[in-house]
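First up is the structure itself, then whatever we jot down about it.
The values are calculated or read from the model by the stated rules, or taken from the named source; none is laboratory data. Nothing here was measured: the structure is a model prediction, and the numbers come from that model. In this analysis, Cβ positions are derived from the backbone assuming ideal geometry, glycine residues included, and neighbour counts consider all displayed protein chains.
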Amino acid sequence: MSIKNKLPSLAQVYPVYAIIVILTYGWTIYWALWKLPSWLDFLPLGEIGVIFCYLVATNFFESLLALFGVIIVSLVLPRKWFREVFVSRGSVLAASILISIMIFEYHFDKPSDYFYKFPSYLPLILLIAGVLTFLAGWIRMIRKAVEVFAENAVIFLFISLPLSLLSLIVVIVRNII
Amino acid sequence: MIRMSRRDFLKLAALTPAALAFSQTMAPSRLGADSPNIIVLVFDAMSADNLSLYGYPRKTTPNFERLAQRSNVYHSHYSAGSFTTSGTASLLTGLYPWTHRAIDEGGQVAPAFAEKNIFSLFGKSYDRAGFGQNVWAELLLGEFRSNLDVHLPPSAFSIREQLGGALFQKDSPVSYYAYDDFLYRLGDSPNSLIFGLLDRFIFGYRLRSIPMDGYPSNSRSVENYLNIPHSDNYKIYYKLEDIFRGLLAQIQQLEQPFLAYFHLWSPHAPYTPRQEFIELFKDDGFEPPKKPKHPLGDQLSVAPIQYARLLYDAYVANVDSEFGQFLNQLDAIGMLDKTYFVLTSDHGEMFERGIIGHENPLMFDPGLHVPLLISAPGQKSRSDVYSQTNSVDILPTLLRIAGREVPAWTEGQLLPGFGGVEDNSRATFTVDAKLCSSFGKLSIASMAMRKNGYKLSYYLGYGKTDWFELYDLQNDPEELTDLFNENDSTSNIMKDELLTAFNKNSGPLQG
């Protein structure tokens, strides 16, 4: 079977990417809103805007990295297992891993925790993600629910993609001039 | 069309060398003949009250004392701010915090004053270098970056560093705000979900192999790296000897005359002395005076405060030792014969009244009294100045030394020994307003005014009532007896003067 046959279509990629965008951009924006009052205390609005450009540009690249990971899984696993139910299983796989990372990051902050503890948590994260991903394709009701949610989430891409492009331009321009 | 004969051409050709020579004399160049070099070395969080240079019983600074033998030594020098941002901004602008408004943690000088910094005032005829190892100092240097010829990142000369902002040095300080002060800041969860995880994982891996030679380590611990000097919130691990070695190399690369501002993190917490210094003062019998806890303090008990003081003193001794090597090397290359060398700090550190450190709004001397030594080129003798001075005085003094005009807007005065006179009747100030917006009215603030040997502190907005404290610094240097009394003339005169100054400057930022 060729690689092309295992690659998801764009129509399948968008909903999964939307889920990734909600979680990656959402995590950063959530904490940025906590930080915003402090920035407002001493930074002009223009500079705060530029900081947000850096944040959004960074989120853009990390969301692409996460999407790339899901597509790799699609290439590795049999077509029937993943490619054919890409929206539901891809969304649940991405969400379960990203939410696990959130929980880990919420509880640990030292670099040594990340190097020594995260690898020991990783099998558990992968096991949970694997089970949930399997269920998302196997139980019809869950599959449908995930698909409906993910397809509706695509609307966020209409905001995040232009914003990311604009942010990238701002970051590039400020570092060239 | 103008026609040129062969004769005209030859005449013009003959003039070319003269024209070239003339154009070179008119081109902007750094004229080093008369202008001295200036090195400003700032040690972060170094309290004068813990230095043997100023009479502290523990022998913490023998090398500072060696420098003092060829310097003007200022005994009553105070920072205008109580932490890095405000203290550094005052040093670099010659303005009090209520004027420059870099009053918040990691804040910036108000846009109207951003061009009123020491680097801009020295102008292009000086090679101007800035190094802020403390990221909050770097945020200010980043704001002044258009006036810097050499701008070193905070991670320079480190053994392990990982700063996102340094990748976008051209866009400092915004890039540091985005990456190092927010997305990847240590001490909290990373605010970038995937890259934050990778960033900390990679840094954790890199810290595994950090060389521990000379520093305490335990083969069973995975956190030995915490014993190496480092910044607690930013990924910068370094050894003092590397920093001084790097600075020396940098100094030798600068075009003369130069102005070099080097702001080191040490001896800021975490206190991480080398193994040989850790027990230097253990069981030495020194008992600091007992002082009552302050309502705005952390209410810590005596034991952890004494332990922190012991470690801090050992770290200061370690810093002093490395500084001694640096001083020797500067001497060996003849740099001190053509350079004004300024040693100071941005604020102090407290180990009393239930407090460790400087993250408090209190106006007691250990947190504000900082060292100041200025060694002139070739100076051979020591001169002691006992009248009170302030960090806002450094900018006008250095401008005068460099033959520059002192601008009228500066709030400092020339230091005694460099054109100024000893004047204890002058009022100087320290301001802390980190809970306020730098754009708005200063409604929660603490401040101190020193005059005629007295210090009046004012705490505004911290409780149901505001209050004053008055100390006689000459007869009660430990600030144990609060003399403030509404019926006392000294209290009232000082109160009126402090309130007048505060009311004049505490309104919303104009412009």
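Considered as a group, the residues in segment A:103-131 that are over 27 Å from residue B:230 (Cβ atoms) and crowded, with 17+ Cβ neighbours inside 10 Å include one that is farthest from the other protein chains (Cβ to nearest Cβ), and that residue is A:129.
If we scan segment A:143-154, do we find a residue that is surrounded by fewer than 19 Cβ atoms within 10 Å (Cβ to Cβ), among the basic types (Lys, Arg), more than 14 Å from chain B (Cβ to nearest Cβ) and out of contact with any helix residue (DSSP H, G or I) (no Cβ under 9 Å at 6 or more places or on another chain)? The answer is no; no qualifying residue exists.
Would you confirm whether any residue within segment A:113-120 is under 21 Å from residue A:63 (Cβ atoms), part of a helix (DSSP H, G or I) and within 21 Å of the chain's Cα centre (by Cα)?
Yes, because at least one residue in segment A:113-120 is under 21 Å from residue A:63 (Cβ atoms), part of a helix (DSSP H, G or I) and within 21 Å of the chain's Cα centre (by Cα).
The set of residues from segment B:402-441 being within 14 Å of chain A (Cβ to nearest Cβ), buried (at least 19 other Cβ atoms within 10 Å of the Cβ) and in contact with an Asp or Glu (Cβ under 8 Å, 6 or more places away or on another chain) comprises B:434, B:436, B:437, B:438. Contact annotation: residue pairs with Cβ atoms under 7 Å, 6 or more positions apart or on different chains, pairing a residue in segment B:204-229 that is free of Cβ contacts under 8 Å to residues at least 60 places away in the same chain with a partner that is in a loop (DSSP other than H, G, I, E, B) and of a type in the set (D, E, K, R), are B:229/B:239. May I ask you to verify whether residue B:234 is more than 30 Å from residue B:35 (Cβ to Cβ), part of a loop (DSSP other than H, G, I, E, B), within 14 Å of chain A (Cβ to nearest Cβ) and among the aromatic types (Phe, Trp, Tyr)? Judged against the criteria, residue B:234 is a match. The residues listed here are B:397, B:389, B:410; of these, the one that is assigned to a loop (DSSP other than H, G, I, E, B), at pLDDT 95 or above and among the β-branched types (Val, Ile, Thr) is B:410. Residue A:100 - would you say it is free of Cβ contacts under 8 Å to residues at least 24 places away in the same chain, polar (S, T, N, Q), part of a helix (DSSP H, G or I) and within 11 Å of chain B (Cβ to nearest Cβ)? The answer is no for residue A:100. Residues in segment B:59-97 that are crowded, with 22+ Cβ neighbours inside 10 Å, assigned to a loop (DSSP other than H, G, I, E, B) and of a type outside the set (Ser, Thr, Tyr): 4 in all.
For residue A:29, the stated conditions hold: it is assigned to a helix (DSSP H, G or I), under 18 Å from the mean Cα position of the chain (by Cα), within 11 Å of chain B (Cβ to nearest Cβ) and surrounded by fewer than 18 Cβ atoms within 10 Å (Cβ to Cβ). Among the residues of segment B:70-82, none qualifies, meaning not one is within 25 Å of residue A:47 (Cα to Cα) and without any contact (Cβ under 8 Å) to a residue 60 or more places away in the chain. Number of residues in segment B:29-54 that are closer than 21 Å to residue B:424 by Cα and either surrounded by fewer than 19 Cβ atoms within 10 Å (Cβ to Cβ) or of a type in the set (A, V, I, L, M, F, W, C) (or both) equals 1. Which ones in segment B:188-207 are more than 7 Å from chain A (Cβ to nearest Cβ) and farther than 17 Å from residue A:105 by Cβ? Within segment B:188-207, B:206 is the sole residue that qualifies.
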